[in-house]
1. Between Ala403 and Met48, what is the label-point separation in nm under the 7 Å Cα-to-beta-carbon projection?
2. Hand me the chymotrypsin sites (Phe, Trp or Tyr not before Pro) from segment 431-518 located in a DSSP loop with no more than 16 other Cβ atoms within 10 Å, in residue order please.
3. Could you work out the relative contact order of the chain, using alpha carbon pairs under 8 angstrom and six or more residues apart, expressed as a whole percent?
4. On full extension of the chain, what length is gained from Asp39 through Val491, given 0.36 nm per residue of separation minus the C-alpha to C-alpha distance?
5. Given the C-alpha centroids of segment 111-132 and segment 334-393, what is the distance between them in whole angstrom?
6. Can you compute the FRET efficiency between Leu99 and Phe418 using 1/(1 + (r/R0)^6), with r the Cβ-Cβ distance and R0 = 22 Å? Round to the nearest 0.05.
7. Find how much the distance from Asp325 to Glu60 grows on full extension, using 0.36 nm per residue of separation minus their present alpha carbon separation; answer in nm with one decimal.
8. Can you compute the modelled spin-label distance between Leu181 and Arg308, with each label point 7 Å from Cα toward Cβ, in nm?
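The numbers here are math on the coordinates, done by the rules we state, and not lab data. Note that this is a predicted model, so its numbers are computed, not measured. Positions of Cβ are generated from backbone atoms using ideal geometry, with glycine treated the same way; all protein chains shown enter the neighbour counts.
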Amino acid sequence: MHEAKLNTVQRAVRFDMSRLQIEDIVDIARASAKASLSDEPAFRAAIMRGADFLDRLLREDGTIYGVTTGYGDSCTVAVPADLVAELPHHLYTYHGCGLGEYFNPAQTRAVMAVRLASLCKGFSGVSVALLEQITRLLNAGILPKIPSEGSVGASGDLTPLSYLAAVLCGEREVWRDGATLTAAQALREAGIAPLRLRPKEGLAIMNGTAVMTALACLAFDRAAYLTQLATRITAMASFALDGNAHHFDEMLFSVKPHPGLQQVALWLRHDLPTDQWERNGKRLQDRYSIRCAPHVIGVLADALPWLRSSIENELNSANDNPIIDAEGERVLHGGHFYGGHIAFAMDSMKNAVANLADLLDRQMALLVDARYNHGLPANLSGATGPRAAINHGLKALQISASAWTAEALKLTMPASVFSRSTECHNQDKVSMGTIAARDCLRVLELTEQVAAALLITVRQGVWLRCRANPGVQPQAALARMQEQLGADIAVIEEDRRLEPDLRLLLGRIRGQAWTLYA
């Protein structure tokens with residue numbers, strides 16, 4: 001996701017015990033919304049009850065996992081009363097062992113917002129001061145630098161979330177306005193006092209699914225847009241190939257009642273009105289990458305509602321351990337930190353998204369091949385006359401798109417089946433949800449690159465079809481898309497380096513620049 005500057009006018013996303021949507025997290029990630037912690041007395045009293053209940057248990061010498069005991073396999077180790085206050089510091093300190101690329105600022109904002117959402121459910125035993133500190137840093141643009149690798153997705157995203165816990169306390173490094181500086185300096189310059197974590201608060205911050213869920217929210221947003229973009233590209237490819245618009249007939253799709261598949265076919269009918277199509281000796285049945293496009297794109301379209309449900313249920317869950325039932329005065333030990341639902345959602349999403357890359361790659365192969373593109377020039381070169389001999393059009397672009405597709409397909413192996421036994425066999429079955437989410441984002445990135453290549457391809461193909469057949473013009477929606485693409489990229493009449501065009505189009509895709517279908 002492209003990094004946005006903080007807007008001067010932002011909508012407020014209210015954090016309390018009410019239900020949030022994926023779009024709330026995405027808007028905070030994009031800096032088009034800010035976090036607003038509810039000041040309702042009833043909400044704040046409910047949060048305080050949990051913290052007060054834990055304080056009372058401590059005074060009464062209660063045994064509480066992660067508060068008066070060590071962590072994980074060390075749960076049998078009693079912590080002396082005079083050292084209980086130091087335990088949260090040790091938790092985030094020894095988990096400071098992440099590696100890999102750092103999450104970018106947009107992803108980091110999403111992580112902070114998702115963790116805040118879970119803690120606001122009122123079952124984590126944290127103080128209002130902790131919720132205020134997360135909100136304060138988020139809105140001040142002080143973002144922990146979080147390494148992306150090191151979580152197995154059960155017992156929560158412990159290692160990455162340790163970086164959030166440390167920064168709240170003024171330790172480690174942060175992003176601020178695109179620069180890296182120490183958390184201590186950033187907090188000092190913002191006039192924010194470092195937090196002193198209460199006994200369970202280190203565990204509450206770290207022992208949850210915030211990283212994988214945040215990435216899943218961002219992945220969902222990108223996948224939903226790609227569903228529409230792949231449909232629009234298919235329509236332009238069909239036009240460029242002089243295809244059969246009747247493949248998307250309403251009656252035809254009424255007999256296969258998958259709602260997503262039917263929606264994609266409806267969008268294609270919108271772009272390719274059949275009243276303008278005549279057979280005139282054309283191929284009766286287009287090849288599968290055109291004819292069956294609704295059946296490929298429709299899989300993702302039909303998956304999106306249950307993906308939303310699964311991701312939003314996790315977003316709106318209290319997912320640390322133990323759960324603090326202040327009302328019933330109980331401490332409940334369980335495993336809500338386990339990220340199985342997100343792991344399955346991300347493993348499933350990346351499969352459906354990679355199939356879009358494969359579909360588009362096959363469409364491109366048809367478009368550039370003079371044996372299959374119904375009279376268009378080889379490699380869609382726009383050169384004419386003697387110069388046609390030295391121009392190669394989209395020959396190399398097709399190779400690159402094929403490479404990106406292959407890499408996306410390679411990453412579809414489900415991460416969730418690679419559970420490992422860790423931490424002295426205490427964490428002996430883990431979700432790998434964070435790895436699945438990172439893989440899914442990479443598949444989305446690669447598929448967006450394929451889509452950028454196809455936008456160049458179909459823009460060129462439509463132009464060449466209209467040049468060859470001046471009486472044939474795309475209808476309103478496709479004509480508008482062709483015009484919008486033309487404002488960004490020139491037609492290719494002479495070979496040129498296409499990387500700048502690709503990067504520009506990637507920016508448009510990730511910024512969701514085009515309104516495609518209502």
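1. Label-label distance for Met48 and Ala403, simple model: 6.1 nm.
2. Trp514, Tyr517
3. 17 percent
4. 157.1 nm
5. 42 Å
6. Numbers: r = 18 Å, r/R0 = 0.82.
Once the sixth-power term is evaluated, E becomes 0.75.
7. That pair, Asp325 and Glu60, stretches by 93.7 nm at full extension.
8. If labels sit at Leu181 and Arg308, their model points lie 4.1 nm apart.
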